[in-house]
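Report on one structure; see the data block that follows.
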Amino acid sequence: MDTTFMQLKRIKLLLGLLGILATSIAFAQVPIRVGFPMILSGAGGQFGTPILKGAQMYVDEINATGGVLGRKIELVPRDTKSRPDEAVRVARELVLRENVDFLVGTFTSGEGPAVSVIAKEAKKVFIAVAPKTDRLTAPDAIHPYVFRAAANTTTEGRAAAMIVAKWNIKRLATIAPDFAYGRDATASFVAHIKKLRPDIEIVDQQWPKLNESDYTPFITAQLGKKPEAVFSVICCGNFDSFARQAGAQGFFKSIGNNFIGLGEAGSIEALRALGGEYPLGVYANTYDAFYWKPKDTEVARLHAAFTKRLSTAFKDDTPPSWALQGYISMQFLVEGIKKANSIDSDKVSTALKGLEIVSPQGKITMRAKDQQATRGMLWGKAANRDGYAFPILDPVELIDPTLFMD
Amino acid sequence: MELPSLSAIGAQAVSGLTTAMLLFLVASGLSLIFGVLRLLNFAHGSFYMLGAYFAWQFNTWLQGSFWLSVLLAAIATGVLGALLERVLFRKFYDRPELMQLLFTYSIVLIVSDVVKYIWGTQQLGVRRPEILSHTFQFGELALPSYNLMIIVISLVIAVGIWLLLQGTRLGKTVRAAAFDREMLSMLGVDVRMLYLLVFSAGCFLAGLAGALVAPMSAIVPGMDADIIISLFIIVVIGGLGSFWGTFLGSIIYGMVFSFGILFIPQFSLFAVALIMAVILIVKPEGLLGRENTR
């Protein structure tokens with residue numbers, strides 16, 4: 001064989017190797033690390049797991065296009081076990097030992113404010129994915145590093161009041177878990193319904209503890225007060241047991257299905273788990289629904305495309321509703337980093353204020369004044385529809401939260 | 001405050017009794033195991049949780065044959081209990097309570113992870129059988145037939161266990177073991193076999209309760225931790241190791257909790273805990289417990 005040819009081949013090989021080396025150096029750029037404290041076990045684990053997966057889905061999409069500022073994103077998930085103290089412990093560990101650049105996560109209204117304190121100490125931007133308590137961004141608790149991609153108890157409670165105000169009822173009862181979220185959502189609802197319908201009387205208020213397993217005594221006690229409608233914040237994986245036990249007591253029937261379930265009682269997860277036992281005709285809310293058909297054609301296109309990717313990622317034609325919350329939260333963070341052109345938390349914090357993203361549900365703004373996203377929720381009436389193995393919300397609509405934001 | 005109607009009080013009593021009877025099924029096993037084996041089994045709630053998961057699994061395999069699923073779930077829990085007794089629990093009978101607590105707590109953690117690994121964190125549900133889906137209506141009082149069935153089954157089992165303990169040779173041996181096991185083994189009784197039987201029976205009862213609760217509640221990881229606290233409150237009130245004490249403790253727990261919700265909703269849990277605290281101070285061995293249990 002010709003020696004020059006051999007030499008040429010060798011040079012080519014060398015160049016090839018160099019090329020590989022060069023690209024691998026580029027790829028070896030340290031990734032941007034995002035700590036992700038989330039409920040991954042217990043009753044709430046069924047929601048935390050899809051949230052994490054939704055966040056990872058966004059991260060994979062961004063990384064496939066080369067990441068942000070030329071760097072990849074890496075999620076560092078930790079299980080908060082549905083306990084505020086554990087959330088604090090893992091958040092601290094993420095900041096101190098794992099050297100994460102940002103925190104995104106938390107589920108309950110117990111965990112959110114607790115992790116917010118850590119974010120303030122560490123001066124790291126923290127985006128709360130799911131906690132709704134107004135306390136998180138109350139004037140005395142807010143600081144430059146805490147942002148919320150979730151809805152909050154003000155908008156959720158007031159949206160519920162708007163729906164209930166149209167009902168022909170006078171005697172109203174409430175049932176909510178006895179912790180920040182349940183208390184705040186009920187307070188916001190009661191204040192607003194009293195404004196809209198001064199003739200309505202609150203005849204009973206029950207406060208079972210979070211993760212109560214036996215709702216029967218609460219249900220019978222409430223029925224004893226003869227309400228005509230019930231407002232519920234039974235959330236966080238507890239709606240199943242509640243609905244089963246309430247159904248057995250004839251609860252929904254005796255109030256003529258005048259029931260409104262907050263706390264994502266209308267999520268795919270809850271609808272699927274209860275199946276044929278889901279109380280038909282009641283109102284419930286959810287963050288997302290694969291079957292939702294937005295009126296706006298552009299939003300419809302975005303949402304359909306997202307749902308398709310979600311189905312693939314979850315290998316499920318009826319993918320969970322919570323994944324979108326993880327997705328949107330990561331979208332805010334990454335677009336904030338892009339706008340700031342830096343991973344410095346102070347700069348990202350400034351960039352996030354007033355930032356508008358185009359989410360799979362349309363435009364959402366991170367308001368500058370209270371660092372709260374204009375995140376609405378889907379509300380609808382549970383019904384059986386052909387082609388679905390479990391009940392869905394139909395009709396269902398996205399209620400604009402800016403109607404209720406101060 | 002407007003007073004609740006008679007039917008509301010009736011409904012409250014039935015719901016309290018349902019809670020009480022389900023808890024009794026589980027607590028009786030815990031109490032029996034402590035009374036005979038002197039083992040403080042913190043993992044007892046895990047067997048209850050396993051019963052619920054087994055019920056779901058059998059119900060899925062058998063496509064909705066509910067009663068068979070409940071029975072198989074209880075048996076499976078009993079068999080698993082027997083296996084674990086042979087391999088693990090047996091080694092801790094004569095250890096100090098702290099060791100037992102630490103060991104059985106580690107079993108709680110292991111079981112909860114295994115459950116998550118096998119069944120995932122998604123909550124599962126079992127449909128109640130059609131014949132038990134309706135509600136008896138007495139005027140304004142609505143009584144779900146499923147709750148009544150649980151009360152009846154539990155009462156039958158309570159009486160059954162009591163007759164077994166009082167009237168049969170096996171029952172006498174079990175009671176004798178609770179008093180003096182050295183003497184018993186000297187008399188030629190196979191104490192190891194007896195322990196295996198008692199432990200397995202306790203697990204069977206816990207599994208049965210878990211299977212029966214499955215259609216009323218969501219089957220989720222964490223069921224174990226939720227129930228164990230209630231169980232300990234019950235055995236403290238009634239007397240650890242005492243059969244009727246456990247029964248009484250369950251009734252008190254269920255009723256105080258249930259009527260607490262009706263009259264002072266904010267303090268229902270507080271009331272139960274208060275009773276426990278008072279009993280710990282005034283009568284530490286529990287209402288029907290024997291003094292100086294060792």
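For the range B:192-294, state the average projected area of the convex hull of the C-alpha atoms over all orientations, rounded to one decimal in nm².
Values: hull surface 32.8 nm².
Mean projected area for the range B:192-294: 8.2 nm², to one decimal.
In terms of the Cα gyration tensor, with a ≥ b ≥ c the square roots of its eigenvalues, is the range B:98-182 rounded because a/c is under 1.5, prolate because a/b exceeds b/c, or oblate? Mind showing how you got there, number by number?
Values: a/c = 3.20, a/b = 1.19, b/c = 2.69.
Note, shape of the range B:98-182 comes out oblate.
To check you understand DSSP bridge types, tell me what percent of the beta bridges within chain A (both residues inside) are antiparallel, rounded to 5. Could you put the intermediate results ahead of the total?
Numbers: 16 of 46 bridges.
In chain A, DSSP labels about 35 percent of beta bridges as antiparallel.
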- Message: As an exercise, identify the GluC sites (Glu not before Pro) in the range A:233-309 lying in DSSP coil whose Cβ has no more than 16 other Cβ atoms within 10 Å.
- Response: none
- Note on the structure: The set of cysteines in the protein assembly as shown having no other cysteine's C-beta under 4.7 Å reads B:Cys203
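When A:Asp288, B:Asp224, B:Asp94 are ordered from fewest to most other Cβ atoms inside 10 Å of their Cβ, what list results?
Numbers: A:Asp288 27, B:Asp224 24, B:Asp94 9.
Ranking A:Asp288, B:Asp224, B:Asp94 by Cβ neighbours within 10 Å, fewest first, gives B:Asp94, B:Asp224, A:Asp288.
Report, in deg cm²/dmol and to the nearest 500, the calculated mean residue ellipticity at 222 nm for chain B, where each DSSP H run with n ≥ 4 adds -39500 (n - 2.57) and the sum is divided by the residue count.
On the way: 11 runs with 210 residues, N = 294.
Value at 222 nm, helices only: -24500 deg cm²/dmol.
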- Task: Using the number of other C-beta atoms within 10 angstrom as an exposure proxy, rank A:Trp322, B:Trp56 with the fewest first.
- Result: B:Trp56, A:Trp322
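Could you pull out the pairs from A:Lys295/A:Lys353; A:Lys295/A:Lys363; A:Lys170/A:Lys253; A:Lys166/A:Lys209; A:Lys166/A:Lys295 whose alpha carbons sit more than 26 Å apart here? Each step should come with its number before you reach the end.
Working: A:Lys295/A:Lys353 29 Å; A:Lys295/A:Lys363 14 Å; A:Lys170/A:Lys253 17 Å; A:Lys166/A:Lys209 30 Å; A:Lys166/A:Lys295 23 Å.
Those over the limit are A:Lys295/A:Lys353; A:Lys166/A:Lys209.
Provide a whole-number value for the mean count of partner chain Cβ atoms within 10 Å of the Cβ atoms in peptide B:133-140.
Values: counts 3, 2, 5, 0, 1, 0, 0, 4.
Shielding by partners across B:133-140 averages 2.
What per residue convex hull volume, in Å³, do the alpha-carbon atoms of the range B:1-93 yield? Don't jump to the answer; show the numbers that get you there.
Values: hull volume 13.6 nm³, N = 93.
Taking the convex hull of the Cα positions in the range B:1-93, it is 147 Å³ per residue.
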- Message: Let me test this: with uniform point scatterers at the alpha carbons of the range A:115-187, what is the Debye-based log₁₀ I(q)/I(0) at q = 0.13, 0.26 1/Å?
- Response: -0.47, -1.19
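With +1 on each Lys and Arg Cβ and -1 on each Asp and Glu Cβ, and nothing else charged, work out how big the dipole of the protein assembly as shown is about its Cα centre, in Debye to the nearest 20.
On the way: 65 positive and 56 negative charges, 176 e Å.
The calculated dipole for the protein assembly as shown is roughly 840 debye.
Which shape class, rounded, prolate or oblate, goes with the range A:188-297 when its Cα gyration tensor gives a ≥ b ≥ c as root eigenvalues, a/c under 1.5 marks rounded, and past that a/b bigger than b/c marks prolate?
It comes out oblate by the Cα gyration axes.
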- Please give the average number of partner chain Cβ atoms lying within 10 Å of the Cβ of each residue in B:4-14, rounded to a whole number. 4
- Message: With loop defined by DSSP as not H, G, I, E or B, and exposure as at most 12 other Cβ atoms within 10 Å, which is the longest segment of chain B clear of exposed GluC sites (Glu not before Pro)?
- Response: B:3-290
- Query: In whole percent, what relative contact order does chain B give with Cα contacts below 8 Å and a gap of six or more residues?
  - Reply: 35
- Note on the structure: Tilt, helix B:44-61 to longest principal axis of chain B (alpha-carbon atoms), in degrees rounded to tens, equals 60
- Query: Size of the range A:109-254 along its principal axes in angstrom, Cα-based, largest extent first?
  - Reply: 52, 34, 18
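Based on the inverse mean of 1/r over its pairs of different Cα atoms, what is the Kirkwood hydrodynamic radius of chain A, in Å? Please list the in-between numbers first.
Details: mean 1/r = 0.0449 Å⁻¹.
Result for chain A stands at 22.3 Å.
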- Task: At 20 °C and 1.002 mPa s, grab the translational diffusion coefficient of the protein assembly as shown from Stokes-Einstein with a Kirkwood Rh over Cα pairs, rounded to a whole number in µm² per second.
- Result: 78
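Return B:Val156, B:Val282, A:Val190, B:Val14 ranked ascending by Cβ neighbour count within 10 Å, so the fewest neighbours appear first.
Ordered by Cβ neighbours within 10 Å, fewest first: B:Val282, B:Val156, A:Val190, B:Val14.
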- Hey, could you pull the Cα Rg and Dmax for chain B, both in Å? 19.2, 65
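A short reminder: the numbers here are calculations on the coordinates, not readings from a lab. Predicted model only: the values in this text are computed from it and were never measured. Ideal geometry is used to build each Cβ from the backbone, glycine not excepted, and the neighbour counts take in all protein chains shown.
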